[in-house]
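Each remark here refers to the structure printed beneath this line.
The values are calculated or read from the model by the stated rules, or taken from the named source; none is laboratory data. Keep in mind that what you see is a predicted model, and the values were worked out from it rather than measured. Here Cβ is always computed from backbone atoms with ideal geometry, including for glycine, and neighbour counts include all displayed protein chains.
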Ligand SMILES: C[S@@+](CC[C@H](N)C(=O)[O-])C[C@H]1O[C@@H](n2cnc3c(N)ncnc32)[C@H](O)[C@@H]1O
């Protein structure tokens, strides 16, 4: 059976965890897990930044200078409020989910 | 120096989406950052803080790598360094695994198609049992190890190794991950220009990264790669076919192959020995000796033995034993390889250690992201423990079987 004929449920999956005891590096309990989570976040942030860079480059190649437009963009009152609201909401969620 | 090295595409290699590629590239950058920025900080931390504290507590300076380790593990800088290394390793495999999982049936189908069109042999014996030291835990934290299979004709861990090891090595072993094999062949061409092996065996070949240069540079030779990992061997065969190279691959244990006596003129291995065991290593040497024809050569490329380094360097290298699921990494470096070679039947006078300079310079300008300057910088470095491919060369153990056994006796 080739991949095209397979349903989602039939598709095989790779093994995602390595066998063997994971060492602990830090004295503070939970710190090792926290560091792992932080680095996964850092990884995804880099992915997003690369994606935005790609968007700007693709747009530019088709005649739209997004990067220059972003630098020149002036935020009106509505945009300022929208962003501030989003930031505050982000921090609210960030500080309660622990 | 910015590292912009890029792996060369080939038909069996998993294809990454833009986000998958970015995720993978980050892990390569993270490893580069640890090596260039965090690693150099360990020496001053040791000299200014850890060694002094040790001396105060024990009334003597640290004597060996164990002493150094006992002090370093309590230092926050070392904790960050070691945790970062471990996390980079985990992120690296995960970034590749996510991509393989998305396209696994397609990758298996592609490998099958490539293999079916190849003339070279692919041998996967029924009911083969890999040794415990390979399957007991997942070496260098690679999920699934070398042998796990999750589907019929599976190649997943082979594909994982191909892409993952490129990121692990940060591209230092070239666009095709083949610097080790290439360097040993270069070494032979330089030091033994008349040596024309008719048959070549690469033990512990994984996906054939180091194997292919032997076929490329000795095109008339019959080349065999063997490994205990079935998915690796299948992938290796498909990958070689994708490069248009006729190389045979078999799932086989290097301790006990099925080849006749005196069958090969050249038996090689590349970073195999440190992933075996104290019991297996002598058996692998003996087997290499058995299958070598008179006048043939055995060459094992691995990292240098501990007795060539100071204790702090040993300590840094030994972190792999402690934190990267490499149980034999440290112990292997304490083995007397001369004695092993002698016990296997070689004459001590025919055994030596040497350095095969990295071939990475050859990639300059020819491959994406490999600038002349950056490749030179890799090749001309001094030995630095904890860096990948330290010292710009590979340590090789070379043993030659006498041409005429009767004469040697
Ligand atoms: C680090 S990898 C070698 C990489 C490879 N030689 C290269 O240059 O790309 C170690 C390999 O040795 C294999 N191995 C370990 N013990 C073995 C044995 N007794 N016989 C054959 N292969 C073995 C493992 O399955 C693994 O694929």
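In the range B:94-109, what residues are buried (at least 22 other Cβ atoms within 10 Å of the Cβ) and more than 7 Å from chain A (Cβ to nearest Cβ)?
The answer is B:95, B:96, B:99, B:107, B:108.
Which condition breaks for residue B:116 when tested against (1) surrounded by fewer than 19 Cβ atoms within 10 Å (Cβ to Cβ); (2) facing chain A (nearest Cβ under 9 Å)?
So residue B:116 meets the others, but not (2).
Going residue by residue through the range B:285-299, is there one that turns out to be under 18 Å from the mean Cα position of the chain (by Cα), within 16 Å of the ligand (Cβ to nearest atom), at pLDDT below 95 and not assigned by TED's automatic domain parsing to the domain that holds residue B:64?
So far as the range B:285-299 goes, no, none of its residues is under 18 Å from the mean Cα position of the chain (by Cα), within 16 Å of the ligand (Cβ to nearest atom), at pLDDT below 95 and not assigned by TED's automatic domain parsing to the domain that holds residue B:64.
Take the residues of the range A:1-41 that are part of a helix (DSSP H, G or I) and within 29 Å of residue B:133 (Cα to Cα): which is farthest from the other protein chains (Cβ to nearest Cβ)?
Among those that are part of a helix (DSSP H, G or I) and within 29 Å of residue B:133 (Cα to Cα), it is A:33.
Taking the condition of being more than 11 Å from the ligand (Cβ to nearest atom) and in a strand (DSSP E or B), how many residues in the range B:202-240 meet it?
3
State whether the residues of the range B:167-175 include one that is within 11 Å of the ligand (Cβ to nearest atom), surrounded by 24 or more Cβ atoms within 10 Å (Cβ to Cβ) and either away from chain A (no Cβ under 14 Å) or at pLDDT 95 or above (or both).
Checked against the condition, which is being within 11 Å of the ligand (Cβ to nearest atom), surrounded by 24 or more Cβ atoms within 10 Å (Cβ to Cβ) and either away from chain A (no Cβ under 14 Å) or at pLDDT 95 or above (or both), the range B:167-175 yields at least one hit.
Need the failing condition index for residue B:153 against (1) in contact (Cβ under 8 Å) with a residue 60 or more places away in the chain; (2) part of a loop (DSSP other than H, G, I, E, B); (3) within 14 Å of another protein chain (Cβ to nearest Cβ); (4) crowded, with 22+ Cβ neighbours inside 10 Å, just the number.
So residue B:153 meets the others, but not (4).
Need at least 2 residues that are under 17 Å from residue B:50 (Cβ atoms) per element, so show me which helices (runs of 4 or more DSSP H) inside the range B:65-135 make the cut, counting only ones lying wholly within it.
Result: B:65-72, B:76-116.
Given the structure, is residue B:188 in contact with a strand residue (DSSP E or B) (Cβ under 7 Å, 6 or more places away or on another chain), assigned by TED's automatic domain parsing to the domain that holds residue B:300 and more than 10 Å from the ligand (Cβ to nearest atom)?
no
Could you list all residues from the range B:19-41 that are more than 14 Å from every other protein chain (Cβ to nearest Cβ) and touching a residue at least 60 places away in the same chain (Cβ under 8 Å)?
Across the range B:19-41, the qualifying residues are B:35, B:39.
When you check residue B:181 against the structure, is it in contact (Cβ under 8 Å) with a residue 12 or more places away in the chain and either in a loop (DSSP other than H, G, I, E, B) or within 14 Å of chain A (Cβ to nearest Cβ) (or both), yes or no?
no
Taking residue B:12 and the conditions (1) free of Cβ contacts under 8 Å to residues at least 60 places away in the same chain; (2) outside the structural domain of residue B:154 (by TED's automatic domain parsing), which numbered condition does it fall short on, given that it satisfies the others?
Evaluating residue B:12 over (1) free of Cβ contacts under 8 Å to residues at least 60 places away in the same chain; (2) outside the structural domain of residue B:154 (by TED's automatic domain parsing) leaves (1) as the failure.
Would you check which residues across the range B:75-100 are touching a residue at least 24 places away in the same chain (Cβ under 8 Å) and either more than 27 Å from residue B:24 (Cβ to Cβ) or over 27 Å from the mean Cα position of the chain (by Cα) (or both) and list them?
B:75, B:77, B:78
Which of (1) near the ligand (Cβ under 9 Å from one of its atoms); (2) in a loop (DSSP other than H, G, I, E, B); (3) in the same structural domain as residue B:355 (by TED's automatic domain parsing) is the odd one out, the single condition residue B:147 does not satisfy?
Every listed condition holds for residue B:147 apart from (3).
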